[in-house]
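Asker: To start, I am sharing the structure in question, which I have written as structure tokens.
The values are calculated or read from the model by the stated rules, or taken from the named source; none is laboratory data. What you see is a predicted model, and the numbers here were worked out from it, not measured in a lab. Cβ placement follows ideal geometry from the backbone for every residue including glycine, while neighbour counts extend to all protein chains displayed. Note: accessible area is taken over every heavy atom of the protein model, side chains too, but ligands, DNA and RNA are not part of it. Shrake-Rupley method; radii C 1.70, N 1.55, O 1.52, S 1.80 Å.
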Amino acid sequence: MLELSVCSSFDFLSEEYKALFDQADVTAFQHPLWHHAMQQYLKNFPDIEERTLQMRCKKSGCLVGLVPLIARKKLGATILEYANMCLVDYALPTMHKDIGNWIPDPDYLSKRLLETLGAYDVLRVKHMPVNDPAVLRLFPSGHFQRAEFSAYITQLGPDYQEWRLANISKSERKHRDKKRRAMMREGNWQMHRLVDEEPIRVAMDHLREFHKERYKDRPGEDLIQTRHTFDFYVNLAIENAASGYVRLYQFTYDDQIVAVQYAIEHNGRYLMLMMGLDFERVGRYSPGLLMTEDLIEECVKEGMKVFDFTVGDEPYKLKFGTRKVPIFTLWHTHSMLGNVGLTVAEAVNRTAMSERLRRWVS
């Protein structure tokens, strides 16, 4: 049986969480380094309360499950949700692969869970890349909602050229090769992986500026332009680029920075988070396609198995032999107010309301 508790300051760098992470089917977004960085990031928001759910074996006290939750108020309702903050592409509970051994009676456990979490109106875990995790056993009355967007991944192999032939059409290969030859005739295109602090800071400044220009006409907030979010990514890179958890690549053309790509990696899976390009200088060469090919070739050389484009339905992702991964949100209401709020949120998502209102209720 499980012993449940809620903690407001869990140590994600502890040996017990590292051991649990190694025994769980999760992603780089559940890595101790990411959760620790997110915990520091949350300190910038005094209206948000950390409520990390711990699941321990009642007999041994061993940590066998953990869900990083936060609580905040919206229109008088208490929203309990995964510590996502719009930065996590894949939200998953970190659970031991044999968690079922500790859940003999889901109904009893669900009741204990509701008592442990305290008062709330709605619980939400959004950006889940699966719709049947073990966590659903904790919320028998919860339900999954399919997101309007998906994630995209491509399986790699031991040989880059073989992967390219199998996953990119002949016409597309011909188009890219032509662009690359034209670019190389007029300048020198180089890729560099960054691990030192000063080059990382310089590259991140470029990434931020490229991002701002590219996304200025798109709906939604470009979070990397905010100080707290920008510092989150910069500090994460400075502290963890040398170990390989953060992968920051800089592309130069005639020694000028024209592209930057930010990713995280775990267990042979490369997760691309952000990229920025100087389209004014190199846009005519299809730099996004070429830099992605270069990165995939680098991943193959390092023995990685999956190149993950993460969430978003950008058309270019389909040009790399990708497979679509559906994304879901887990909902659970715990009061009449929660039921009403969820009904309103679903109604907004079905109607043509403003993007600002849609973001607010979601």
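Asker: Restricting attention to helices (runs of 4 or more DSSP H) lying wholly within region 132-242, give those where 1 or more residues are polar (S, T, N, Q).
Answerer: Hits in region 132-242: 160-167, 170-186, 227-240.
Asker: Just checking, does region 99-116 include any residue being at pLDDT below 95 and under 27 Å from residue 232 (Cβ atoms)?
Answerer: No, region 99-116 contains no residue that is at pLDDT below 95 and under 27 Å from residue 232 (Cβ atoms).
Asker: Give the number of residues within region 265-292 that are farther than 27 Å from residue 27 by Cα and in a helix (DSSP H, G or I).
Answerer: 8
Asker: Looking at the structure I just gave you, is residue 165 of a type outside the set (Gly, Ala, Ser), open to solvent by less than 90 Å² (accessible area, probe 1.4 Å) and touching a helix residue (DSSP H, G or I) at 6+ places or on another chain (Cβ under 9 Å)?
Answerer: Criteria not met by residue 165.
Asker: Would you mind stating whether residue 20 is at pLDDT 95 or above and in contact with a Gly (Cβ under 9 Å, 6 or more places away or on another chain)?
Answerer: yes
Asker: Related question: With respect to the numbered conditions (1) under 16 Å from residue 90 (Cα atoms); (2) open to solvent by 10 Å² or more (accessible area, probe 1.4 Å); (3) out of contact with any Leu (no Cβ under 7 Å at 6 or more places or on another chain), which one is the sole condition not fulfilled by residue 239?
Answerer: (1) is the only condition that residue 239 fails.
Asker: Filter the strands (runs of 3 or more DSSP E) completely within region 1-87 down to those with at least 1 residues that are open to solvent by 60 Å² or more (accessible area, probe 1.4 Å).
Answerer: 2-7, 69-74
Asker: Related question: Select from region 143-180 the residues that are among the polar types (S, T, N, Q), farther than 26 Å from residue 283 by Cβ and modelled with pLDDT of 95 or more and list them in ascending order. Working first, answer last.
Answerer: Start the filter on region 143-180 by keeping residues that are among the polar types (S, T, N, Q), which leaves 145, 150, 154-155, 161, 167, 169, 171.
Filter again for farther than 26 Å from residue 283 by Cβ, leaving 145, 150, 155, 161.
Of everything in region 143-180, those that are among the polar types (S, T, N, Q), farther than 26 Å from residue 283 by Cβ and modelled with pLDDT of 95 or more turn out to be 150, 155, 161.
Asker: So in region 257-285, with the set limited to residues that are over 16 Å from residue 154 (Cβ atoms) and out of contact with any Phe, Trp or Tyr (no Cβ under 9 Å at 6 or more places or on another chain), which one is least open to solvent (accessible area, probe 1.4 Å)?
Answerer: It comes out as 283.
Asker: Taking residue 361, is it in contact with a helix residue (DSSP H, G or I) (Cβ under 6 Å, 6 or more places away or on another chain) and at pLDDT 95 or above?
Answerer: no
Asker: Mind listing just one residue for me: the one in region 286-336 that is open to solvent by 30 Å² or more (accessible area, probe 1.4 Å) and touching a Leu at 6+ places or on another chain (Cβ under 8 Å) and, of those, farthest from residue 163 (Cα to Cα)?
Answerer: Per the criteria, the residue is 334.
Asker: For region 106-128, give me each residue that is open to solvent by 30 Å² or more (accessible area, probe 1.4 Å), farther than 24 Å from residue 73 by Cβ and in contact (Cβ under 8 Å) with a residue 24 or more places away in the chain.
Answerer: Correct list: 106, 107, 112.
Asker: Under the condition of being in a loop (DSSP other than H, G, I, E, B), of a type in the set (D, E, K, R) and under 24 Å from the mean Cα position of the chain (by Cα), which residue from region 88-126 is farthest from residue 220 (Cα to Cα)? Outline the logic, then answer.
Answerer: Within region 88-126, the subset in a loop (DSSP other than H, G, I, E, B) is 88-93, 97-98, 103-105, 118-121.
Now narrow it down to the ones that are of a type in the set (D, E, K, R): 89, 97-98, 105, 121.
Going one step further and asking which of them are under 24 Å from the mean Cα position of the chain (by Cα), we end up with 89, 97.
Values: 89: 16, 97: 37 Å.
My answer is 97.
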